[in-house]
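The values are calculated or read from the model by the stated rules, or taken from the named source; none is laboratory data. Here the structure is a predicted model, which means the values were calculated and not measured. With ideal geometry, Cβ positions are generated from the backbone for all residues, glycine too; neighbour counts draw on all protein chains shown.
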């Protein structure tokens with residue numbers, strides 16, 4: 001069966017810094033096959049599979065992460081949950097993020113010494129199969145599903161950085177992986193939508209944007225509107241092997257491809273920027289610290305009966321500005337609600 005995606009153009013890491021930087025600016029991504037030492041990744045995958053077995057998500061006699069069919073409860077597969085917490089404690093993901101072969105390539109692409117964001121130890125992504133879809137289990141954590149189309153720049157604007165996505169296993173098209181919308185990094189920041197605390201991302205068509213608006217969703221940032229259906233650009237995707245690395249411009253629209261296999265899909269993603277450039281508060285903190293702050297903000301917002309639009313925009317301002325020592329979360333939320341309503 002023919003793929004619905006166009007393949008990535010592969011990158012030769014031996015190219016000069018000027019050639020790599022030009023290609024990255026032009027294409028919005030670099031796809032380096034076999035860049036990273038496979039043994040580092042194998043250890044992370046094996047440790048993760050053991051944790052998934054302990055918590056009943058992978059069949060006990062499997063060497064590959066064959067999904068047992070269990071649907072997560074609570075935070076089981078979230079960054080603050082027991083599986084990712086135990087993997088984070090090993091430091092293996094942090095070591096992977098600092099792989100010399102990856103850092104050398106990033107220094108060539110970004111033009112200088114690299115600052116790796118401090119949340120790398122917990123940047124593990126666990127994506128379950130089709131039976132755990134939104135339709136199949138609406139109460140399951142959204143982290144267990146594929147992410148919608150979005151731009152990472154939205155979350156950390158105006159910081160300039162790049163995301164590196166690394167598969168922790170062989171990922172074919174049924175297992176999904178990551179897809180990029182061709183040339184989307186050249187279009188500016190797209191309208192980015194939330195519905196309450198649910199992240200919808202960037203609409204793929206004007207019709208989808210209108211449907212979201214009718215349902216009460218709100219675009220909290222971005223000015224670029226989605227195209228009409230007949231103007232959509234193709235999506236790019238290739239099969240991923242252990243050792244591959246996909247480097248992504250922050251304005252590139254990308255999305256998780258749904259996992260239609262019998263496997264639990266495992267990947268990692270890290271963020272980097274050139275040393276000494278403007279950064280974001282999340283880059284200096286662990287995922288646990290950020291997660292606790294976000295949970296506190298959302299719990300506070302849920303105490304108010306806010307109309308659509310106000311909830312999302314207060315959440316966006318709190319999320320982007322981060323913790324502040326001068327005022328508590330409830331005080332800041334109350335001030336924003338009073339200011340914006």
**Request:** Would you be able to tell me the number of residues in the range 28-52 that are loosely packed, with under 15 Cβ neighbours inside 10 Å and within 10 Å of residue 244 (Cα to Cα)?
**Result:** 2
**Message:** Among the residues of the range 306-339, what is the count of those that are touching a helix residue (DSSP H, G or I) at 6+ places or on another chain (Cβ under 9 Å), at pLDDT below 90 and closer than 22 Å to residue 219 by Cα?
**Reply:** 1
**Asked** Is at least one residue of the range 229-240 touching a helix residue (DSSP H, G or I) at 6+ places or on another chain (Cβ under 6 Å), closer than 30 Å to residue 44 by Cα, buried (at least 20 other Cβ atoms within 10 Å of the Cβ) and in the same structural domain as residue 70 (by TED's automatic domain parsing)?
**Response** no
**Request:** Please work out which residue is modelled with the highest pLDDT, limiting yourself to the range 58-75 and to residues that are within 20 Å of residue 269 (Cβ to Cβ) and surrounded by 20 or more Cβ atoms within 10 Å (Cβ to Cβ).
**Result:** 65
**Asked** When you go through (1) outside any strand (DSSP E or B); (2) farther than 21 Å from residue 129 by Cα; (3) within 23 Å of the chain's Cα centre (by Cα) one by one for residue 20, which number turns out not to apply?
**Response** (3)
